[in-house]
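Worksheet: the structure to be examined is printed underneath.
Nothing in this text is a laboratory measurement; each read-out follows from the coordinates by a stated rule. These figures come from a predicted structure and were not determined experimentally. As a convention, Cβ positions derive from the backbone with ideal geometry for all residues, glycine included, and neighbour counts pool all protein chains shown.
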Amino acid sequence: MVEYLNLLSFGSEGWGDELGLGVLVTVTLAACTLPVGLTLGFFIALAKNSSEPTLRSAANIYTTIFRGLPELLTLFLIYYGGQMALTALAMLLFGEGVNVNSFVAGIFALALVFSSYASEVFLSAFKGITLGQYEGAYALGLSHFSTMRLVILPQLIRLALPGLSNLWLNLLKDTSLVSVIGLADLLRNTNIAVGVTKQAFFFFLLACLIYLVLSIISSLGLGRISAWAERGQGGH
Amino acid sequence: MSEVTAPSAVRPRATGRPWTGARIVGTLLICLWSALGLGIVWLLIADFDPEMIAKYLPRIFYGVWVTAEIVVLSVLFGALISLPVAVGRLSYNPVAGVIAFAYSYFFRGTPLLAQTFLVYYGAGQFVGFFKAVGLWVFFRDAYFCAIFTFALNTAAYQAEILAGAIRAVPSGQWQAADALGLPRFTTLRKVILPQALITALRPYGNEVILMIKASAIASIITVLDLMGQTRLAFSKTYDLQIYIWAAIIYLIMVEVLRRFWDVLERRLTRHLKR
């Protein structure tokens, strides 16, 4: 028991500080991906909901691709493909190569996956808003943009929240994949700790439990947000 | 005698669809996708290397086979494991309920990659024990470890799907079966499950698709599935083509399964169509 606690101490002997930093990186990555993915997903949902067929098919191609590819493959394609493309570009412009940051590649890849799922959630939320809401807003003389901002979006958030909550939990789990391209997140630091201490079962179980705690904390926070979004619904 | 002239019958000009902002953006995006598609085709043709194809394509196809094996085996074993878990989730017994909930929460709340590491590397720590019980042959092999982990993982999801579908059957169905004097198990088998499985059909299909995608994780613990063969070939050639092959193959697998599931669902629910 004491031996295990020593493994977790902070400082040069234990791994507490490394794991703590890893958790920070994991959470930062997920938190940075979220706004990108949400914005992208919202616009894709707008495109899918549009009456314009070209816009709809462009959006459908996007979701078919990024929901069909394994997250790991998307990540590798972005990381290595981006590396090659940017190197070629930098060679042309500056005559020297660049290195793609695994954190940035992670944000890109995860945002692509997140947004394609989020667009489906937003789309079904859009379908839950009746035409009368738009007509009422237009009858009041609200512009297209104001209708979206003042009438549709507040209802959209409430309808989309359950689906988006699930996507956030998935995102938190998917960040672990970025450890494979060398980002020092929780799982990668756990791997390093295992490599040094040979306590594989203990450390990986600990990592799983930390992920579990992260998702429990998220669920509590999401519950609060959901209560806020439902505040006008006459519930309790 | 006056001449009758036909009223002029000039066809009004077709107005056509106007070029709205949405249409311009949509057309531009379609052009972008086409350019990307053509770029990929061009890359595949320009870098056409018969030697590389002869060397790596068969391996990639062998990888597809391994991926299919992993998916089928883990989904089947997962379905078996999910039965007791679903029973626990539905049970009124608090102990069974808590155990099933903890199982399901653990496997759904932690990353599959971490679970896979836990099983594969964690098992290595208990070599003595596994050798003693004769399971070391199983846990020594990354392939079996991957299937073992994936089965446990998908069982948690499948249990939720099954339990949810059974809960969704109206309670009147249970009561009517009780009134007919059917035993509980017969009620479940003859009345409840046929209705529940129809509800569960679509989520099950999604779960299989998720499993196809998740099976790529096996490549990280050295299993040579489609992703594993791709990574291996890429590390030897540094040719991005190989990742594009893999992407196309994964997309085809997922699309085929999705279409197949649509047909299956239409076929199985044809008696519900009005």
Contact order normalised by residue count of chain A, Cα under 8 Å, 6+ apart, percent
25 percent
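Can you pull out the GluC sites (Glu not before Pro) in region A:80-187 that DSSP calls coil and that have at most 11 other Cβ atoms within 10 Å?
A:Glu96
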For chain A, take the longest principal axis of its alpha carbons; what is the angle in degrees between that and the long axis of helix A:82-93, to the nearest 10 within 0 to 90?
90 degrees
Fewest-first ranking of A:Ile157, B:Ile81, using other Cβ atoms within 10 Å as the exposure measure:
A:Ile157, B:Ile81
Take every Cα pair under 8 Å in chain B that's 6+ residues apart, average their separations, divide by the length, and report that relative contact order as a whole percent.
24 percent
Specify the residue with the greatest mean-square fluctuation among B:Leu201, B:Leu28, B:Leu232, computed from a Gaussian network of chain B linking alpha-carbon atoms under 10 Å apart.
B:Leu28
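Between A:Ser146 and A:Ser51, how high is the FRET efficiency from 1/(1 + (r/R0)^6) when r is the Cβ-Cβ distance and R₀ = 25 Å? Nearest 0.05. Mind dumping the intermediate values first?
Working: r = 20 Å, r/R0 = 0.80.
Efficiency for this residue pair is about 0.80.
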Net dipole in debye of region B:107-244 [+1 Lys, Arg Cβ; -1 Asp, Glu Cβ; about Cα centre; nearest 20]:
160 debye
Using a simple spin-label model with points 7 Å from Cα along the Cα→Cβ vector, what separation in nm is obtained for B:Tyr105 and A:Ser219?
0.5 nm
Mean-square fluctuation check for chain B, GNM, Cα pairs under 10 Å: which of B:Phe107, B:Phe260, B:Phe139 is largest?
B:Phe260
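Given a Förster radius of 35 Å and the C-beta distance between A:Leu153 and B:Ile252 as r, what FRET efficiency does 1/(1 + (r/R0)^6) yield to the nearest 0.05?
FRET efficiency, A:Leu153 to B:Ile252: 0.40.
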Cut-off 11 Å, label 7 Å out along Cα→Cβ of B:Lys236, residues of region B:48-65 by amide N:
B:52-60
Computed over region B:30-171: relative contact order in percent, which uses C-alpha pairs under 8 Å that are six or more apart
34 percent
Residues of region A:41-62 with amide nitrogen under 13 Å from the 7 Å Cα-to-Cβ point of B:Ser34?
A:54, A:58
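What pairs in A:Lys198/B:Lys236; A:Lys173/B:Lys213; A:Lys127/A:Lys173 have C-alpha atoms more than 25 Å from each other?
A:Lys198/B:Lys236; A:Lys127/A:Lys173
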Candidates A:Ser176, A:Ser124, A:Ser50: whichever shows maximal mean-square fluctuation once chain A is modelled as a Gaussian network with Cα springs under 10 Å:
A:Ser50
Residue list for region B:200-233, given a label point 7 angstrom along the Cα-to-Cβ vector of A:Lys127 and an amide N cut-off under 11 Å
none
Farthest toward the dipole's positive end in chain A, which of A:Tyr62, A:Val180, A:Gly106, given Cβ charges of +1 (Lys, Arg) and -1 (Asp, Glu) about the Cα centre?
A:Tyr62
Determine the gain in length on full extension of the stretch B:Arg267-B:Leu90; use 0.36 nm per residue of separation and subtract their C-alpha separation, reporting nm with one decimal.
60.8 nm
Acute angle (nearest 10 degrees) that the helix B:193-214 long axis makes with the longest principal axis of chain B, alpha-carbon atoms
80 degrees
Extension gain (nm, one decimal) between B:Ala132 and B:Ala9, 0.36 nm per residue minus Cα-Cα:
34.7 nm
So how far, in whole Å, is the C-alpha centre of region A:189-223 from the one of region B:93-158?
15 Å
Considering only C-alpha atoms, what is the centroid distance from region A:48-120 to region B:224-274, in Å?
19 Å
Compute the angle between helix B:50-90 and the longest alpha-carbon principal axis of chain B, please, reported from 0 to 90 degrees and rounded to the nearest 10.
60 degrees
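Suppose R0 equals 45 Å; then what is the FRET efficiency for B:Gln175 and B:Arg202 from their Cβ-Cβ distance, rounded to the nearest 0.05?
0.95
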